Amino acid sequence: MNQWKNFTKGFIKENPVFVLLLGMCPTLGTTGTAINGLGMGLATTFVLVMSNLVVSLIKNLIPDKVRIPAFIVVIATFVTIVEMVMQAYLPSLYESLGLFIPLIVVNCIVLGRAEAFASKNTITSSVIDGLGIGFGFAFALTILGSVRELLGSGKLFDITIYPEDYGMLVFILAPGAFIALGYIIALINRMNKKNA
Amino acid sequence: MEYIIIIISAILVNNIVLNQFLGVCPFLGVSKKIETAVGMTGAVAFVMVLATIVTFLIQHYILFPFGIGYLQTISFILVIASLVQLVEIVLKKVSPSLYQALGVFLPLITTNCAILGVAILVIQKEFNLMEGVVYAVANAVGFGLALIIFAGLREHTDMQNVPKGLKGVPIALISAGILAMAFMGFSGIV
């Protein structure tokens with residue numbers, strides 16, 4: 001039951017994007033379409049789970065003073081793996097995410113979870129925490145990507161909902177990212193307040 | 001002439017924050033006051049130029065000759081992290097006044113994706129060292145410009161009567177969106 005709570009907290013209550021406002025760069029930069037947002041979210045989830053796992057395995061071996069550089073090396077290793085696998089098997093997604101794949105290294109969510117959670121908890125709960133936060137991140141990116149894709153080009157996951165001519169192009173471009181995220185956060189804030 | 005194109009395109013047309021979405025975290029985090037925005041800009045500019053030079057040398061004299069380009073991400077982030085530490089130590093000794101102004105922002109910079117992003121972009125765009133340095137300086141100026149304008153906007157919106165649900169981050173994001181729209185006006189220049 002406790003582990004379940006540990007898993008679900010990432011979705012709404014402690015959602016890394018909508019509530020904690022972490023990892024803004026990939027959130028805004030890769031959500032031009034729902035597919036890209038989902039791809040970025042899942043890539044980050046993989047890195048998050050694996051780095052949480054490894055960090056919780058080696059937490060007793062690393063001296064306290066050099067723990068941050070050690071965490072960064074662990075994270076960078078998994079980011080490189082993701083980069084190479086994606087380049088080999090999903091070249092089109094790799095192209096459209098571009099620079100933001102190596103930049104998973106500096107995503108504050110990943111380092112934040114390693115430092116705040118995995119370095120203090122058991123292996124199982126670290127992995128579950130990584131999965132929960134990762135899926136929360138992927139969920140947020142997919143929502144933002146869907147909103148932008150639908151408003152901007154009238155499509156959802158590449159399926160046409162209404163003719164593209166009626167779309168508001170600005171939502172696919174840079175300004176739309178900020179504006180759409182702003183309204184989604186306002187909505188989530190309101191929902192959270194009502195629940196409390 | 002080429003340098004001018006690089007500069008204008010990095011500052012106005014492809015602004016690093018408003019168009020490329022690099023460095024959005026500090027853009028939202030330290031933009032509540034103009035003073036802190038200026039301090040952050042100084043620290044970013046300093047580290048960005050240094051990091052670009054060092055990573056450029058590493059890429060062209062170590063990674064390419066030995067054919068280990070896939071180690072780019074790991075080596076760059078380690079170099080940047082240690083560089084930030086080094087800058088912090090040196091500044092503390094050499095110029096305490098500058099350290100006082102920039103010191104608080106330095107630890108935050110390691111996880112600033114603008115630094116790593118620019119370092120990787122310089123390699124991807126196949127610039128030479130001089131072009132890379134110009135590109136880094138121009139991006140730092142672009143970052144500063146966006147950050148300082150945005151801080152001014154936020155200081156102003158804080159005084160306004162904003163609808164309850166939009167207070168704080170949402171209204172900041174929406175004004176950033178409108179600012180980005182203004183920067184889109186430059187897109188025909190280069």
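The values are calculated or read from the model by the stated rules, or taken from the named source; none is laboratory data. Model, not experiment: these values are computed from the prediction. Here the Cβ positions follow ideal geometry from the backbone for every residue, glycine too, while neighbour counts run over all protein chains shown. For accessibility, only protein heavy atoms count, side chains too; no ligands or nucleic acids. Shrake-Rupley method; radii C 1.70, N 1.55, O 1.52, S 1.80 Å.
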Anyone know which of A:Gly145, A:Gly23, A:Gly41 comes out most mobile in the 10 Å Cα GNM of chain A? A:Gly23
Quick one: helix B:34-58 against the long Cα principal axis of chain B, what's the angle to the nearest 10°, folded into 0 to 90? 20
What's the FRET efficiency of B:Tyr3 with A:Asp64 using the Cβ-Cβ distance as r and R₀ = 45 Å, to the nearest 0.05? 0.45
For every helix of n ≥ 4 consecutive DSSP H residues, a contribution of -39,500 (n - 2.57) applies; sum these over chain B, divide by its total residues, and give [θ] at 222 nm rounded to the nearest 500 deg cm²/dmol. -22500 deg cm²/dmol
Taking Cα pairs closer than 8 Å and at least 6 residues apart, the relative contact order of region A:2-138 in percent is 48
Given a 1.4 Å probe, show me the residues in region A:162-196 buried by at least 50 Å² of accessible surface when comparing the whole protein assembly to the chain alone. A:Ala174, A:Pro175, A:Phe178, A:Ile179
Summing +1 per Lys or Arg and -1 per Asp or Glu among the other residues with Cβ less than 15 Å from A:Gly39's Cβ gives -3
Carbon and sulfur atoms account, in whole percent of the 1.4 Å probe accessible area of region A:2-138, for 69
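Whole number please: convex hull volume per residue of the Cα set in region A:85-133, in Å³? Each step should come with its number before you reach the end.
Numbers: hull volume 4.6 nm³, N = 49.
It is 93 Å³ per residue.
For the A and B pair, go ahead and give the buried accessible area with a 1.4 Å probe, both sides summed, in Å² to 100. Display every interim value, and only then the final one.
Working: alone 10490 and 10290 Å², together 17870 Å².
Counting protein atoms only, the buried area is about 2900 Å².
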Packing-based order for A:61-72, A:24-35, using average beta carbon neighbours within 10 Å, highest first: A:24-35, A:61-72
Test of understanding: extend the Cα→C-beta vector of A:Val73 to 7 Å, then name every residue of region B:53-89 with backbone N under 18 Å from that spot. B:70-86
Neighbour-limited loop hits for chymotrypsin sites (Phe, Trp or Tyr not before Pro), region A:84-158 (at most 14 other Cβ within 10 Å; DSSP other than H, G, I, E, B): A:Phe157
Rounded tilt (10° steps) of B:169-184 against the dominant C-alpha axis of chain B: 70
Out of A:Ile179, A:Ile104, A:Ile12, a Gaussian network model of chain A with alpha-carbon springs under 10 Å gives the largest mean-square fluctuation to A:Ile179
For chain B, build the charge dipole from Cβ charges (+1 Lys, Arg; -1 Asp, Glu) around the Cα centre, then report which of B:Val134, B:Gly168, B:Phe150 sits farthest towards its positive end. B:Gly168
Shape of region A:2-138, Cα gyration tensor, a/c cut at 1.5: oblate
Considering only protein heavy atoms, what per residue accessible area in square angstrom results for region A:2-138 with a 1.4 angstrom probe? 41
Comparing B:Asn128, B:Asn161, B:Asn19, which has the greatest mean-square fluctuation in the GNM of chain B with Cα pairs linked when under 10 Å apart? B:Asn161
Could you check the simple spin-label distance between B:Asn161 and B:Leu57, using points 7 Å along Cα→Cβ, in nm with one decimal? 6.0
Output for region B:66-138: GluC sites (Glu not before Pro) sitting in coil per DSSP, at most 14 other Cβ within 10 Å, listed by number, reads B:Glu126
Give a quick list of chymotrypsin sites (Phe, Trp or Tyr not before Pro) in region B:50-128 that DSSP marks as loop, anything other than H, G, I, E or B, with at most 11 other Cβ atoms within 10 Å. B:Phe66
Could you check the simple spin-label distance between A:Ile12 and B:Ser95, using points 7 Å along Cα→Cβ, in nm with one decimal? 5.2
In region A:2-138, if the dipole is taken from +1 on Lys/Arg beta carbons and -1 on Asp/Glu beta carbons about the Cα centre, which of A:Tyr94, A:Ala43, A:Gly23 is farthest to the positive end? A:Gly23
Taking a ≥ b ≥ c as the square roots of the Cα gyration tensor eigenvalues, with a/c under 1.5 meaning rounded and otherwise prolate when a/b beats b/c or oblate if not, the protein assembly as shown comes out rounded
Within 10 Å of each Cβ in peptide A:24-32, how many partner chain Cβ atoms are there on average? Round it to a whole number, please. 5
